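Q: Just passing along the structure, written as structure tokens.
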Amino acid sequence: MRINNVSFQAIYEALRVPSDPLLIICHVSPDGDAIGAALAVAHLCDTFGRPCVLVNDDEIPERYQFLPGVERFLRTSAVTEFFQYAVAVDCADLRRLGEAVRLIAPNGQLINIDHHGTNNHFGTLNLVQAEASATCLVLYRFIRANQLPMNRSLALVLYTGIVFDTGGFHYNNTTPEIHLAAADLLSYDIEPFLVADRVLEAMTREQIELVRLGLSTLTVHESGLIAYVAVDQSMLKASGARDGDVEVLLPYPRTLVGVEVGLLFRERPDGMVKVSLRSREFVDVAQIALVFGGGGHVRAAGCEVPGPLQSAVQIVMKEVEAAVHETLHKVREANA
Ligand SMILES: [Mn+2]
């Protein structure tokens, strides 16, 4: 892995100096941190008077429609020009950019701003802070270090990313620093409940129906240490939910007492199966995701494997069983 991080100053100059439009890309199936970070970069471009285009392969989920500037997102398929300058936020590798990568001109400059430990420094300029709890925290540090102007819109999108990636300040990445950043951002007239409700809690009727159907598939491994939910296309149709709605099922498998690794399998229309992995205390799920060409964080990671659903479950579960067995063996030895 190439470690060639550049300074805040170099990123500032790359964002501020060129007058050509900047293409802003966040990862496919965008989440709160990805969308918040992309919008934060767009707000910075506004400050600099630089034109920008926000793009994603997928639709921005309804729950993020309250964010200022979200209407500026275009679907990749709707963009026909090529860009000499681009920035990718919250993407661990080039594949996470999806089809949008094709909008970057050959020999174009690609700025990579991220916080994933599995980031492979794919950019021409890289700012990867793996210890940061969110890409929005990397941008917050960048904005404060360069003394760039903060306003309510910028604070709101950054706060949203922080709330999302810390699970509402629940996860172990909830550091003193991120609380201080959140406190600073809240002082720009932000309602914490508005963000927590839209981003983490509120569900549509279709999403609740999908939870009901999805939970009926809950399967617990004989060890009691692994649990998963598997959603197929028929459940999506029956619930009336959309593809992106499946994430509402994500927390449940790990919630079960005693479970170390919880998984969500979702069958996509193209036959691929998307796998989300969460661990409670010990297992590094990013390493499991890497086996299948995915990536992520120690406690939260994802990958895609070929369908059909049941064979995807079997293949991934085999790897998870081995990882759980090996990790817990090490933990026991360390404690002996
Ligand atoms: Mn993130």
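Q: For the subset of the stretch 172-204 comprising residues that are at pLDDT 95 or above and among the charged types (D, E, K, R), which member is nearest to Phe282 (Cα to Cα)?
A: Glu177
Q: Pairs, please: C-beta under 6 Å, at least 6 apart or cross-chain, first residue closer than 13 Å to Ile25 by Cβ and in the stretch 69-80, second at pLDDT 95 or above and in a helix (DSSP H, G or I)?
A: Thr76/Glu99; Thr76/Ala100; Val79/Leu103
Q: Restricting to the stretch 279-306, what's the tally of residues that are assigned to a strand (DSSP E or B) and within 13 Å of Ala323 (Cα to Cα)?
A: 1
Q: For the stretch 64-162, give me every one of the strands (runs of 3 or more DSSP E) that falls completely inside it and has 3 or more residues that are more than 25 Å from Thr175 (Cα to Cα) and of a type in the set (D, E, K, R).
A: So the answer is none; nothing clears 3.
Here's the yes/no breakdown for (1) farther than 18 Å from Leu39 by Cβ; (2) away from the ligand (no atom under 16 Å from the Cβ):
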{"site": "Ala145", "(1), (2)": "yes, yes"}
{"site": "Leu148", "(1), (2)": "no, yes"}
{"site": "Val163", "(1), (2)": "no, no"}
{"site": "Thr174", "(1), (2)": "yes, no"}
{"site": "Phe193", "(1), (2)": "yes, yes"}
{"site": "Asp197", "(1), (2)": "yes, yes"}
{"site": "Glu201", "(1), (2)": "yes, yes"}
{"site": "Arg205", "(1), (2)": "yes, yes"}
{"site": "Glu209", "(1), (2)": "yes, yes"}
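Q: Quick one: in the stretch 2-40, of everything that is loosely packed, with under 15 Cβ neighbours inside 10 Å and part of a loop (DSSP other than H, G, I, E, B), which residue is farthest from the ligand (Cβ to nearest atom)?
A: Per the stated criteria, the residue is Ser19.
Q: Any idea how many residues of the stretch 221-248 are of a type in the set (Asp, Glu) and part of a loop (DSSP other than H, G, I, E, B)?
A: Total meeting the criteria: 2.
Q: Considering only the stretch 209-216, I want to know if a residue exists there that is more than 20 Å from the chain's Cα centre (by Cα), among the polar types (S, T, N, Q) and more than 27 Å from His325 (Cα to Cα).
A: In the first step, residues of the stretch 209-216 are kept if they are more than 20 Å from the chain's Cα centre (by Cα); the result is 209-216.
Next, from what is left, pick out any that are among the polar types (S, T, N, Q): 216.
Then drop every residue that is not more than 27 Å from His325 (Cα to Cα), which leaves none.
Within the stretch 209-216 (the criterion being more than 20 Å from the chain's Cα centre (by Cα), among the polar types (S, T, N, Q) and more than 27 Å from His325 (Cα to Cα)), the answer is no, since none of the residues qualifies.
Q: Among (1) in contact with a strand residue (DSSP E or B) (Cβ under 8 Å, 6 or more places away or on another chain); (2) polar (S, T, N, Q); (3) crowded, with 16+ Cβ neighbours inside 10 Å, which single condition is Ser133 missing?
A: Among (1) in contact with a strand residue (DSSP E or B) (Cβ under 8 Å, 6 or more places away or on another chain); (2) polar (S, T, N, Q); (3) crowded, with 16+ Cβ neighbours inside 10 Å, the lone unmet condition for Ser133 is (1).
The values are calculated or read from the model by the stated rules, or taken from the named source; none is laboratory data. Only a predicted model underlies this, so the values are computations on that prediction, with no experimental measurement involved. A quick note on method: Cβ atoms are made from the backbone with ideal geometry, for glycine too, and the neighbour counts reach across all protein chains shown.
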